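J.: Pasting a structure here, questions to come.
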Amino acid sequence: MEGANLSAVTEFVFTGFPQLQDGGLLYFFPLLFIYAFVVVGNLLIFFAVRMDARLHNPMYNFISTFSFLEVWYTTATIPKMLSNLVSEKRTISMTGCLLQMYFFHSLGNTEGALLTVMAIDRYVAICNPLRYLTIMTPRLCAQLSAGSCIFGLLILLPEIVWISTLPFCGPNQIHQIFCDFTPLLRLACTDASVILVQDVIHALAILITGLIISLSYIRIVTVILGIPSAEGRKKAFSTCATHIAVFLLFFGSVALMYLRFSATYTPFWDAAIALTFSVLAPFFNPIIYSLRNKDMKDAIKKLLCPQKVFNVPGR
């Protein structure tokens, strides 16, 4: 009988969504627009960089990789959110929950590793410009991008495999809008101390990564302020401003979500912070990378209107 109870929970129910009669459809269309914008905007950046030879340098290659990851990062959660907003049955299977959690956090870890690489790239470019091209070779850039992806995809596998072995024999309601570690572990019939251990491990990873990136940018800003010419300072700041903005947006939302330990929020604020972390941060990234960068805007225009490139006067 006990074994039957331990295997009773085979699916989970999300409770963080409004009911259809409470305006679920009103949330559906804005979320659908945001998801379409994130996918189209990031794919435009990705293909613009790949197809414009002027952008074939380490900085833009890292940006294009980050944009490509953003597409899959949002796809791990938002389609299921959209489905839950228009469905009476807001459930997900055990396997589906583990897969969603794995891909969402693996891609998030990959993005964090890539942001670290991008900070190091800007550090070399600003603090050691004469050796930049000899240090950041195409081969090294490819290795760093691939290493970030491999790290992100492998680092969480042991934790996901461990969670898959836990017994779930009690309530099956996930008080969140997607599968996440703490809400899921609270449903497991096991010692609650594992939640604290898991929180500490994740917090240390976030703090160490954030510290490395912060120190890199502090050093970069210090060097930029020492540039004698105002024009030189402006140009140096312009190349780093977008990276700093994306870093603050990404790690700011991560900190709100995961650096709270035992602090609890109301269901409304829990859902709001989760939306900021999983939806709004990816929404602003294409805007930040395209609107503040003339070369990127020109490459996107060239991608969208190729006929103008070949429209030579006099022909």
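J.: With +1 on each Lys and Arg Cβ and -1 on each Asp and Glu Cβ, how big is the dipole of the stretch 11-304 about its Cα centre, in debye rounded to the nearest 20?
T.: On the way: 19 positive and 15 negative charges, 237 e Å.
With Lys and Arg at +1 and Asp and Glu at -1, about 1140 debye.
J.: Report the FRET efficiency, 1/(1 + (r/R0)^6), for SER214 and ARG50, where r is their Cβ-Cβ distance and R0 is 35 Å, rounded to 0.05.
T.: On the way: r = 30 Å, r/R0 = 0.87.
With R0 = 35 Å, the Cβ-Cβ based efficiency is 0.70.
J.: Could you pull out the trypsin sites (Lys or Arg not before Pro) across the stretch 187-283 that fall in loop regions by DSSP (anything but H, G, I, E, B) with no more than 12 other Cβ atoms inside 10 Å? Let's see the in-between values first.
T.: Details: sites: ARG219, ARG233, LYS234, LYS235, ARG260; in loops: ARG260.
Passing sites in the stretch 187-283 do not exist.
J.: Less than 16 Å apart at the alpha-carbon level, and either on another chain or at least 8 residues along: which aspartates and glutamates does that give for LYS294?
T.: Cross-link targets: ASP52.
J.: Semi-axes of the stretch 190-232's equivalent ellipsoid from the Cα gyration tensor, sqrt of 5 times each eigenvalue, largest first, rounded to whole Å?
T.: Details: eigenvalues 342, 6, 4 Å².
Square roots of five times the eigenvalues give 41, 6, 4 Å.
J.: I'd like the distance between the alpha-carbon centres of the stretch 219-253 and the stretch 138-170, rounded to an integer number of Å.
T.: 31 Å
J.: I'd like the FRET efficiency for GLN198 and ALA272, computed as 1/(1 + (r/R0)^6) with the beta carbon distance as r and R0 of 25 Å, rounded to 0.05.
T.: Numbers: r = 23 Å, r/R0 = 0.92.
Step by step, r from the Cβ atoms, then E = 0.65.
J.: Would you mind putting 295-302, 59-66 in packing order, based on average other-beta-carbon counts within 10 Å, highest first? Walk me through the numbers before you get to the answer.
T.: On the way: 295-302: 17.0, 59-66: 22.5.
Listed from highest to lowest mean packing, they are 59-66, 295-302.
J.: Using the Kirkwood radius over C-alpha pairs as Rh, can you work out the diffusion coefficient of the stretch 152-210 via Stokes-Einstein at 4 °C, viscosity 1.567 mPa s, in µm² per second? If you can, show how the numbers build up before the last one.
T.: Working: Rh = 12.6 Å.
D, rounded to a whole number, is 103 µm²/s.
J.: Summing -39500 (n - 2.57) over the DSSP H runs of n ≥ 4 in the chain and dividing by its residue number, what mean residue ellipticity at 222 nm do you reach, to the nearest 500 deg cm²/dmol? Display every interim value, and only then the final one.
T.: Numbers: 15 runs with 225 residues, N = 315.
My calculation for the chain gives -23500 deg cm²/dmol from helical runs alone.
J.: Got the relative contact order for the chain handy, in percent, Cα pairs under 8 Å and 6 or more residues apart? Write down the numbers at each step before the final one.
T.: On the way: 330 pairs, mean separation 82.4, N = 315.
For the chain, the relative contact order is 26 percent.
J.: DSSP loop (so not H, G, I, E, B), at most 16 other Cβ within 10 Å: list which GluC sites (Glu not before Pro) in the stretch 65-141 pass both filters. Write down the numbers at each step before the final one.
T.: Working: sites: GLU70, GLU88, GLU111; in loops: GLU88.
Those satisfying the criteria are GLU88.
J.: Would you list the membrane-span-like helices of the chain, meaning whole DSSP H runs whose alpha-carbon atoms span at least 18 Å along their axis and whose mean Kyte-Doolittle value is at least 1.0? All intermediate terms of the calculation are to be shown ahead of the outcome.
T.: Values: long enough: 24-51 (40 Å, 2.07); 58-75 (26 Å, 0.39); 94-127 (49 Å, 0.87); 138-155 (25 Å, 1.31); 193-225 (47 Å, 2.05); 230-258 (40 Å, 0.86).
Qualifying helices: 24-51, 138-155, 193-225.
J.: Here's another thing I want to ask about it. What lysines sit close enough to LYS89 to cross-link, taking a C-alpha to C-alpha distance under 27 Å and skipping anything fewer than 8 places away on the same chain?
T.: By straight Cα distance, LYS89 reaches LYS80.
J.: To continue, here is another question. Give me the compactness ratio for the chain, meaning the Cα radius of gyration over 2.2 N^0.38 Å.
T.: Numbers: Rg = 22.0 Å, N = 315, 2.2 N^0.38 = 19.6 Å.
The value comes to 1.13.
None of the figures in this text is laboratory data; all of them are computed from the coordinates on show. Since we're looking at a predicted model, the values are computed, not measured. Here the Cβ is made from the backbone with ideal geometry for all residues, glycine too, and neighbour counts use every protein chain on show.
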